[in-house]
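One structure is given here, and the rest of the page talks about it.
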Amino acid sequence: MKAVIDEVVAKPYFQQKHCTRWKQNVVQKDESFQRKSILRQGKANFITGESDLTPDQTALLYCRHYLQMHLMSSRYLFDVYADSQFGREFPLNPDQITMIDFGCGPMTSGLALAWHYQERHNTKLAMNYFGIDHAPAMLKLAKNFSQNNQLFSQNSNFHFLTECDNSKVLIKYIKSVENQHQKYPVFLNFSYLFASDSLDQCQLVNIINNTLEYFNKRSFIILFQNPPLPYLNQKWFDFKKQLAYKFDAIQGEIKLPYYEYQFLEQNRSEIMKPRINLYYEIISI
Ligand SMILES: C[S@@+](CC[C@H](N)C(=O)[O-])C[C@H]1O[C@@H](n2cnc3c(N)ncnc32)[C@H](O)[C@@H]1O
């Protein structure tokens, strides 16, 4: 994972050092300012960019502060899934994983799934991955990650889109990569999306309900994660109330310790970071 981060994030990050607005807005500010005032704790506008930074620069700064943290919590979620009753019923199958990642950012959860898979099964993952994010700058990073052949097998299939306002897009994608009788679930992933001010959870739940209705014989697994703060998760609770299908759920809250690779430092060591405050739900439909 370090080599992948070096290639996709560290390299373009270092190239910014010649840019005056990067120097003024990032280099000359402390880390806390970068997280709170520029990235607004992850809620930055990655379409327009923040604090005079371009969208690409804002997305890179996001990766600097949040990519490894979210990679770790997503990785944790896949571990929980694999060891749960859901994972025993539907083990992650290397050739039949379809994941639709809403608000995918730089493809954090796709990377985490590949990482989980490689460590547990000692082989590269082949997956059908559909990343949706309204910010082209994020999708650019996601595409760069998807091209890394250290993580994904050549049989993987990647599809990216800035907009998904109806279920037809999802249905068409799932049909194009799978056959109708597939018995493995489709994963719908929502990682740190539901605090977004621009998210219309009513529209989203309609899209999901219509997709579930179309594939009414198929299983779906929904993965949700966010900090355990009620005001950030209100849209998620609304979304769940409007799901038209019965489901089983696993939920948990944990303070997750993790190490972070210091790709900006000369010695490029790993340091222990404060614990990630995580609330998660895994829903099986
Ligand atoms: C906090 S980041 C999370 C990124 C990634 N899922 C992760 O775990 O690192 C939220 C992402 O959702 C995207 N986003 C926010 N609101 C959105 C919306 N209404 N539609 C599509 N994408 C959205 C943002 O552009 C951003 O990339």
> Which loop GluC sites (Glu not before Pro) in the stretch 188-279, with loop taken from DSSP, have no more than 16 other Cβ atoms within 10 angstrom of their Cβ?
Replying inline: Glu265
>> Which aspartates and glutamates, if any, have their Cα less than 18 Å from the Cα of Lys23, not counting same-chain residues under 8 positions apart?
In response: Glu31, Glu50, Asp52, Asp56, Glu265
> Ranked highest first by the average count of other Cβ atoms within 10 Å around their residues, in what order do 27-33, 61-67, 150-156 fall?
Replying inline: 61-67, 150-156, 27-33
>> Tell me the net charge near Thr54. Cut-off is 13 Å between Cβ atoms, Thr54 excluded, with +1 for each Lys or Arg and -1 for each Asp or Glu.
In response: -1
> Once the principal axes of the Cα atoms of the stretch 120-166 are found, what is the range along each, listed largest first in whole angstroms?
Replying inline: 36, 22, 18
> Taking Cα atoms of the stretch 202-263, Rg/Rh with Kirkwood Rh, to two decimals?
Replying inline: 1.08
>> Can you compute the modelled spin-label distance between Gln242 and His18, with each label point 7 Å from Cα toward Cβ, in nm?
In response: 4.8
>> Taking the Cα centroid of the stretch 44-85 and of the stretch 156-189, what is the distance between the two, rounded to the nearest whole Å?
In response: 22
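Cα gyration tensor of the stretch 71-284, axes a ≥ b ≥ c as square roots of the eigenvalues: rounded (a/c below 1.5), prolate (a/b > b/c) or oblate?
Since a/c stays below 1.5, the shape of the stretch 71-284 is classed as rounded.
Sorting Thr108, Thr54, Thr98, Thr48 on the 10 Å Cβ count, fewest up front, what's the list?
Thr48, Thr54, Thr98, Thr108
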> Hey, how many Å between the Cα centroid of the stretch 214-232 and the Cα centroid of the stretch 240-285?
Replying inline: 14
> For the chain, with only Lys/Arg (+1) and Asp/Glu (-1) charged at the beta-carbon, what is the dipole magnitude about the Cα centre, in debye rounded to 20?
Replying inline: 160
> Between the helical axis of 167-177 and the dominant principal axis of the chain, each derived from Cα atoms, what acute angle in degrees is found, rounded to the nearest 10?
Replying inline: 80
> Straight-line reach from Lys183: which lysines have Cα under 28 Å away, leaving out those fewer than 8 places along the same chain?
Replying inline: Lys124, Lys168, Lys172, Lys175, Lys217, Lys240, Lys241, Lys246
>> From the phi angles alone, apply the Karplus equation (6.51, -1.76, 1.60; θ = phi - 60°) to the stretch 239-245 and give each ³J(HN,Hα) in whole Hz, x where the residue is Gly or Pro.
In response: 4, 5, 4, 8, 5, 7, 10
>> Can you give me the distance in nm between label points at Lys36 and Asn277, each placed 7 Å from the Cα along the Cα-to-Cβ direction?
In response: 1.4
> Any idea what the dipole of the stretch 168-240 comes to, in debye rounded to 20, about its Cα centre with Lys/Arg Cβ at +1 and Asp/Glu Cβ at -1?
Replying inline: 360
>> Starting from a Cα-only point model with no solvent, please compute log10 I(q)/I(0) by Debye for the stretch 96-183 at q = 0.20, 0.21, 0.22, 0.25 1/Å.
In response: -0.94, -1.01, -1.09, -1.29
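The numbers here are math on the coordinates, done by the rules we state, and not lab data. Model, not experiment: these values are computed from the prediction. Please note: Cβ atoms are built from the backbone with ideal geometry, for glycine as well, and neighbour counts cover all protein chains shown.
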